[in-house]
Each structure stands twice: as C-alpha cells, then as structure tokens.
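The values are calculated or read from the model by the stated rules, or taken from the named source; none is laboratory data. Bear in mind that the values here come from a model prediction, so they are computed numbers and not experimental data. Here the Cβ is made from the backbone with ideal geometry for all residues, glycine too, and neighbour counts use every protein chain on show.
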Amino acid sequence: MDHWISPEPPAFDAQHPLFLCVLSNTDTAKIPGISAAGRLPALIDYTPAGDAELVTLGRTIGNSEPPMTGNSPTPAVMTRAALQLTGMPFMFINCGLRILPQIPLLDVGAHPGGDIRNGQAVQDAGLIYENSVELGRQIRRFSDFVIIGESVPGGTTTAMAVLQALGIDGMVSSSFPKNPMDIKQQVVAQALDRAGIAFGDLLNEPMRAIEYVGDPMMACVSGLVEGLKGTPSILAGGTQMMAVMAIIKFLGIENNISIATTKYVAEDGTASFLETVSALGYAAYVVDPGLDRSKNPGLRMYESGVVKEGVGAGGAMFVAGMMGIGQRELLEKVEEICDQLF
C-alpha cells in the first residue's frame, strides 16, 4: 500500500461500514466574504443539496451547475470516488436545508440555522440532538464502523464561535485560498457580544453554545456519536468537525472516535487543526489525495489552498485507504468523475 495517509491507519476489520453526511444551511453563510462555497453567493444555499446529488447520482439535478469554489470542483467528487471504489453504503441527513436534494434523505427535524450575529443561531438544538441520538442507536444495530461528514457552507465561522464560547482558542480554515480571518473574527465577536458570552463562558454548556452561535449540524453529529456508543466512528472533516469534537468532549460523550481530513486543512497555516485535535485528546489522520499530479487544473488548485475539504472527503478517502485503495487509483477515479461533470 502506498503511504498517502499519515499516521498509518489501523487494520480495517469492519464488516459493515457506513458513510453518513449531514447537510445544513445557515444565514451566517450569506454574510459577504464568509464562504466561497458556490460559484456565486446566490448559489450558497444550493451547495449542500448539489453535493448530495453529485455523490449519489454523479450529477446535479436541482441546479444545472455542479457546486464549485471558483473554478475548483466541490470535494464531493473525492467523496464519490472513494465511495464508488469501496462500495461502502452511504446516507445523507437533512439537518436544516432550505433546498432539498432530489435523493432519499434521513431527517432529524431541524430548521435552517440563523445568522449568529442576530441571536439564536439554532432552533430546537435539543430536539435535533435527541433525534440524532435515536438515529445513532438504530444505525449501530446494523453498522460496526461509521464515518460522519458534513456539507455546511459558512461552517468554519460557526465553528470558531463555538470554540471561543467553549474556551478554546482554535483557529479555523477556509474554502478561500486567503482565509478571511478578519471578517470571521469580527462576526464571531459580534455574535458573542450580542449573546452576552465571554471567552469560555459556556465550557460546561456546549448545547447552549450551539444554540447561540453554532449551526444545526453540530447538534446532529454530537447526537449521532452519543447514539453510536460502542461503535468506532470517524469524524470526516476539517476545522468544523474539530469544533464538533470539542462539543463531544465537553458533553462528556465517551466513544471510540477519531478525525480524518485532507492535508490541505492539516497544512493550513491559518488554522490549528492538528494542535487543537491533539489538545482535545483525539487521534487525527491526514489524507493526501495527490491532486498536485492531477491533469485537471481545478483539482490542482486545491494545492494552492482553494476549498481544502468538505462533504466528508477526507474521511471517505481515509477509509478507502484503509481498505487497500491506492492514491493513484483514487486520483484516476476523481478525474473520471470530473470529466463526466465538467
């Protein structure tokens, strides 16, 4: 096996792996300059639905244009490649979508997230959590290894806000090549100020942190992990899932979880992925899909810091590597999917 995952992953002995991906929209994503998810701001709400259609069907239905960041394809192309090569079953969860993909969906009863500067960011966080706990309990009856990804535009900003509310000075990444940290810091400061939250105030109340300054996906993934107790689980994503790990830790949920992301997040100098995950006490795995050698110029742009991660791409590729898929085989599949799309 070629070494495109570090550290070396454990031996894969699961009989019934399952890939889950949680889809949410928020008004925070519509703040100018926050998110590069979607070629145009008007398309941001469509991004999660488009990602789900692309992974499931190999094409988009609700919008003729596949989700893009500038001229770079969505990381959903990597997720689809990994899932096709492994044959792993997958399911998508509606966790507060404005636009539904035209595919089968699980549902946890969430509303779209608000703008964190305007007060309550997540309605019914407790209900989302409890529904997700029950979903996790059902899933653990038929799966012995679960990978959980997300597609939530603007989610690194809500991640930063929640981390600060919990007292973690973690830095988040961005889908932009130049991380708009000044805009994010300003939005987070406004959100915390409006909610009357100082740094670390909600250390013992992570669900309140989600309600005030988080997004619906956070309540869902935390609940899933609680419900999956005893089932090894991988959080598939970058600094958004890093924030979820912090929530899980401070909720006192004890489960066999680790996190897997792409090298583009791990090597992002404006983020603190590896440092923060390590400080939280969890294992992190880093996947290098070899996009620098791609014949597709949009994929090569990932090397310059565009997009970086999303739709569970890092985790899906991590499991593909665990199951013996090589980097070259994966890259060829990603390119094939891109050729069909663009």
Q. For H111, all conditions in the list (1) touching a Pro at 6+ places or on another chain (Cβ under 9 Å); (2) modelled with pLDDT under 95; (3) surrounded by fewer than 24 Cβ atoms within 10 Å (Cβ to Cβ) hold save one; what is the number of the exception?
A. (2)
Q | Odd one out for R208, checked against (1) surrounded by fewer than 24 Cβ atoms within 10 Å (Cβ to Cβ); (2) in contact with a helix residue (DSSP H, G or I) (Cβ under 7 Å, 6 or more places away or on another chain); (3) part of a helix (DSSP H, G or I); (4) of a type outside the set (S, T, Y) | A | (2)
Q | Subset of segment 213-239 that is among the hydroxyl-bearing types (S, T, Y) and surrounded by 24 or more Cβ atoms within 10 Å (Cβ to Cβ) - its residue that is nearest to G154 (Cα to Cα) | A | T239
(Q) Against the definition (over 22 Å from G312 (Cβ atoms), in contact with a helix residue (DSSP H, G or I) (Cβ under 9 Å, 6 or more places away or on another chain) and surrounded by fewer than 24 Cβ atoms within 10 Å (Cβ to Cβ)), how does Q138 come out, yes or no? (A) no
Q. Which of the residues spanning segment 147-195 are outside any helix (DSSP H, G or I) and surrounded by fewer than 24 Cβ atoms within 10 Å (Cβ to Cβ)?
A. L166, G167, I168, D169, G170, M171, F176, P177, K178, N179, P180
Q.
Whether any residue in segment 265-287 is over 26 Å from D169 (Cβ atoms) and out of contact with any Phe, Trp or Tyr (no Cβ under 7 Å at 6 or more places or on another chain) is what I want to check.
A. no
Q: Select, from V306, V265, the only residue that is more than 28 Å from Q15 (Cβ to Cβ), among the aliphatic types (A, V, I, L, M) and at pLDDT below 95.
A: V306
Q: Evaluate the following for K295: is it more than 12 Å from M78 (Cβ to Cβ), touching a residue at least 40 places away in the same chain (Cβ under 8 Å), touching a helix residue (DSSP H, G or I) at 6+ places or on another chain (Cβ under 7 Å) and not hydrophobic (A, V, I, L, M, F, W, C)?
A: yes
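Results for (1) within 16 Å of V307 (Cβ to Cβ); (2) part of a loop (DSSP other than H, G, I, E, B); (3) at pLDDT below 95; (4) among the polar types (S, T, N, Q), shown as yes or no for each residue.
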{"residue": "F12", "(1), (2), (3), (4)": "no, yes, yes, no"}
{"residue": "V22", "(1), (2), (3), (4)": "no, no, no, no"}
{"residue": "G38", "(1), (2), (3), (4)": "yes, yes, yes, no"}
{"residue": "T60", "(1), (2), (3), (4)": "no, yes, yes, yes"}
{"residue": "M78", "(1), (2), (3), (4)": "yes, no, no, no"}
{"residue": "Q84", "(1), (2), (3), (4)": "no, no, no, yes"}
Q | Residue that is farthest from the chain's Cα centre (by Cα) [pool: residues in segment 263-295 that are buried (at least 18 other Cβ atoms within 10 Å of the Cβ) and of a type in the set (S, T, Y)] | A | S294
Q: Scan T74, T26 and give me the residue that is modelled with pLDDT under 95, under 20 Å from F176 (Cα atoms) and buried (at least 24 other Cβ atoms within 10 Å of the Cβ).
A: T74
(Q) Consider segment 95-144. How many of its residues are among the polar types (S, T, N, Q) and under 26 Å from L43 (Cα atoms)? (A) 4
Q.
Which count do you get for residues in segment 116-161 that are among the hydrophobic types (A, V, I, L, M, F, W, C) and farther than 20 Å from N256 by Cβ?
A. 10
Q) Picking from G223, G200, which residue would you name as being in a helix (DSSP H, G or I), within 15 Å of F250 (Cα to Cα) and not charged (D, E, K, R)? A) G223
Q) Which residues, counting only those in segment 308-322, are surrounded by 24 or more Cβ atoms within 10 Å (Cβ to Cβ) and over 19 Å from E336 (Cβ atoms)? A) K308, E309, G310, G312, G314, G315, F318, V319
Q.
Within segment 271-286, does at least one residue satisfy the condition of being free of Cβ contacts under 8 Å to residues at least 60 places away in the same chain, closer than 20 Å to P10 by Cα and either of a type in the set (F, W, Y) or out of contact with any strand residue (DSSP E or B) (no Cβ under 9 Å at 6 or more places or on another chain) (or both)?
A. yes
